[in-house]
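> Okay, handing you the structure first.
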Amino acid sequence: MGISANAQNEPFNVILQRINNDLQTFVKDKPLAEEVGKHFKNLNADGSWADINYADVQYDPLKRIKDMATAYIRPSNKLYNDSELHAAIVRSLQNWLDKNPKNKNWWYNDIFYPQAIGQTLILMRNAKTGLPATLENALIKRIIRKLKTGDGANTSDEALHYLYRACLTQNKATLDSAAKYLFEPIAITDGKEGVQVDGSYYQHGKQQAIASYGRVFAGNSINAAFYLRGTQYALPKDQLAILVNYLKNTFLKTIRGSFYDFNVRGRGISRKDSLSSGLGGMVNKIKLFDPENAAYWNASTLRTSGKKPASYGVVAAHNQYWKSGYTLHLRPAYTFSVQTASTRTLRTERGNNENILGKFLPDGATNIQRSGSEYANLMPVWEWDKIPGTTSRDYPDDNGATVLKEWGIPGTTKFVGGVSDGIYGVSCYDLNYDSVQAKKAWFFFDQEVVCLGAGIRSDSKENITTTINQAWSRGDIISSNGMQAKGDSEVWALHDSIGYIFPQGGNLEISNNPQTGNWYRINHFQRKTEIKHNVFKVWLNHGAAPQNAGYQYIVLPGTSINALKKYNRSMIQVLKNTEEIQAVKHVGLNMLQAVFYKAGTLSVNGLFLHVDQACTVYIKDMNAKSPVLYIADPAQEHATVHVEIKLPGLSKAKSMDCNLPDGAFAGATASFKIKE
Ligand code: CA
């Protein structure tokens, strides 16, 4: 009997069995039996546990009950078909039914409880002795909720327990709505919560949530498509394309090795192990409903599970997510991303007392990964006003980094974004926050990323610092003489295969000391246990009340001491680093990247570039006969930029009106071939 033929007529059992198998994918019988053995022996006669506060129930006791059900139904488990265990499952479920616990946080009531109960009931459908029908029916009734539609990841989370209930009751109407709402979030929106036109993801307003709520969206969508594949409820082709695009071009790109970019986890950055992607079998499931891209999914599975190196299958890419203020630059050797905020978006949220100290996370934070684990679980000991990449006040303690208002605060400036051809690009951030102003820009190439800052001002009493990195200390720090010295001659440093060059020196400080902290100070759901880790930290000190300070540094991820010494410094020419124009020419790649914070002219070494509006510009093949001009308006305001340009390969100056994308695509890059 073919599954698909059967599924056409009677999808309920097929789906139910898929869910049942899925729930057992990663079960290890021995530790499960030990865990369950402990819990069911401690269960009170009335079906409660003494250590659970039923007035404030979170994951337990439903997780314990589900574990008991899992052990009970598995022939490979020591507790398989154990009659005492069966009695304990019945008692504990009856107790839940009678007590009807509620949590202050709606998420437990409307998502976790119904999901966990639904899963337990589905597992018990595979039991030799099932649950008493009256108990099962009462629990099925208990998990009925009204769906909050149009709520992105939350909607699909709620629709998942609809799916469980539909299979348990074999109710077509319930399955119809489960399928509808499971797939509802798989759509492209502009400005509302969900997948954006640039491929990023919003939740809680216009806030980048690529691997926080976007992770829930991806996981739920994959599971739904996996459960419903081959039935009349299968994910429609157009939505499959949206999901596959999100996974391939956004979500999976934010995972280096098996670790997330810290810029995409939202307030979850403050949770232990939150950078571990833990994708498990998720990517493997996609193959079953998207066999076309099987080679890609296989490579992703091998890379994210750590079975292959972090570089495995990584293709050079540069994504400018102009809706979210997020830039992601990938090379086989490294990931380098930047997160910023603007008046169009919300700053990284604090919520439910999570991410308490993340005040500066959206101020140009740069995530630099090689192995992937450079920042994993380092957050409890981070100095939170020295987030990599950011320019901020250096407070005497981390209280200065406290986020004072929950659920996201709008950014303060509009000139935030960048230009990209999909492989190279430049990003900029007009910083004006916490009494600090700066013009920050990042120029992305192959071997290196050039970071420039200009117009750094503050009237606060603290020193203003730009942090280059704050990561796990691993191995020696090798540096040029006088790394600590003030001055204007080049200094460099190498740590954990990442090189840092400061072409003009600067007031550099570097530390490689133990730092202490705990998870609780950044997230009140976490432990207070004191933690001590060795941290590599390097920053530039601009001093107190800088009036027009700046910085230049080049990051070379994936280098060695020999490569760094031999690295040809003349490849990078910083043409301008002022608060009006920041421009870098890469001689080897034959490209120019520039940020114009206002209308202006860049005229240097026979190169002439004039723009009549603020914009970001990138010229590829600049010395060739037919260079390509890429241009974008980070402020997302102008329909046209008039450009006058004189390049070495062109016999005369060119003048052109560049029409920029508008509507939902305002801020995206336009390209123009320049011909004689
Ligand atoms: Ca500090």
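> Looking at K532, K537, which one is basic (K, R), more than 28 Å from N432 (Cβ to Cβ), modelled with pLDDT of 95 or more and in the same structural domain as Y567 (by TED's automatic domain parsing)?
None of the others qualify; the one that does is K532.
> Looking only at segment 410-420, filter to residues that are open to solvent by 40 Å² or more (accessible area, probe 1.4 Å) and over 20 Å from the mean Cα position of the chain (by Cα); which one of those is nearest to the ligand (Cβ to nearest atom)?
So the residue we want is T412.
Matching residues to (1) outside any strand (DSSP E or B); (2) touching a Gly at 6+ places or on another chain (Cβ under 6 Å); (3) open to solvent by 10 Å² or more (accessible area, probe 1.4 Å):
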site	(1), (2), (3)
D430	no, no, yes
K439	no, yes, yes
F443	no, no, no
A454	no, yes, no
K461	yes, no, yes
N469	no, no, no
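> Identify all residues within segment 181-197 that are within 17 Å of T250 (Cβ to Cβ) and crowded, with 21+ Cβ neighbours inside 10 Å; write none if there are none.
Passing the criteria: P185, I186, E193, G194, V195, Q196.
> Assess whether Q320 counts as being open to solvent by 10 Å² or more (accessible area, probe 1.4 Å), more than 16 Å from the ligand (Cβ to nearest atom) and not hydrophobic (A, V, I, L, M, F, W, C).
yes
> Is segment 529-549 home to any residue that is closer than 30 Å to A333 by Cβ, open to solvent by 10 Å² or more (accessible area, probe 1.4 Å) and aromatic (F, W, Y)?
yes
> Okay, next question. Sort out for me the helices (runs of 4 or more DSSP H) sitting completely within segment 1-94 that have 3 or more residues that are loosely packed, with under 14 Cβ neighbours inside 10 Å.
Correct list: 3-9, 29-41.
> Further question: When you look at S337, is it in the same structural domain as I368 (by TED's automatic domain parsing) and assigned to a strand (DSSP E or B), yes or no?
Spelling it out, S337 is indeed in the same structural domain as I368 (by TED's automatic domain parsing) and assigned to a strand (DSSP E or B).
> Taking into account only those residues within segment 654-665 that are part of a loop (DSSP other than H, G, I, E, B) and out of contact with any His (no Cβ under 9 Å at 6 or more places or on another chain), which is nearest to D421 (Cα to Cα)?
Checked segment 654-665; the qualifying residue nearest to D421 (Cα to Cα) is P661.
> Within the set of pairs 6 or more residues apart or between chains, which connect a residue that is crowded, with 20+ Cβ neighbours inside 10 Å and among the polar types (S, T, N, Q) inside segment 486-505 to a residue that is assigned to a strand (DSSP E or B) and modelled with pLDDT under 95 with Cβ atoms less than 6 Å apart?
none
> How about segment 378-409: which of its residues are assigned to a loop (DSSP other than H, G, I, E, B) and within 11 Å of the ligand (Cβ to nearest atom)?
Hits for segment 378-409 are W382, E383, W384, D385, K386, I387, D394, Y395, P396, D397.
> Next up: Return a yes/no flag: does segment 109-128 have any residue that is outside the structural domain of L235 (by TED's automatic domain parsing) and within 28 Å of N245 (Cβ to Cβ).
Within segment 109-128, one or more residues are outside the structural domain of L235 (by TED's automatic domain parsing) and within 28 Å of N245 (Cβ to Cβ).
> Right, something else. Out of all the residues in segment 198-220, which are of a type in the set (G, A, S) and either crowded, with 24+ Cβ neighbours inside 10 Å or assigned to a loop (DSSP other than H, G, I, E, B) (or both)?
Selection gives G199, S200, G205, A209, A211, S212, G214, A218.
> Any residue that is within 24 Å of L357 (Cα to Cα), out of contact with any strand residue (DSSP E or B) (no Cβ under 7 Å at 6 or more places or on another chain), in contact (Cβ under 8 Å) with a residue 60 or more places away in the chain and assigned to a loop (DSSP other than H, G, I, E, B) - is there at least one of those in segment 251-273?
Yes, segment 251-273 contains at least one residue that is within 24 Å of L357 (Cα to Cα), out of contact with any strand residue (DSSP E or B) (no Cβ under 7 Å at 6 or more places or on another chain), in contact (Cβ under 8 Å) with a residue 60 or more places away in the chain and assigned to a loop (DSSP other than H, G, I, E, B).
> Related question: Residues being open to solvent by 40 Å² or more (accessible area, probe 1.4 Å) and at positive phi: count how many of those fall in segment 234-273.
Within segment 234-273, residues that are open to solvent by 40 Å² or more (accessible area, probe 1.4 Å) and at positive phi number 1.
The values are calculated or read from the model by the stated rules, or taken from the named source; none is laboratory data. Predicted, not measured: the structure shown is a model, and the values here were computed from it. Using ideal geometry, Cβ is built from the backbone for each residue, glycine included, and neighbour counts are taken over all protein chains shown. With ligands, DNA and RNA removed, areas are computed over all heavy atoms of the protein, side chains included. Shrake-Rupley method; radii C 1.70, N 1.55, O 1.52, S 1.80 Å.
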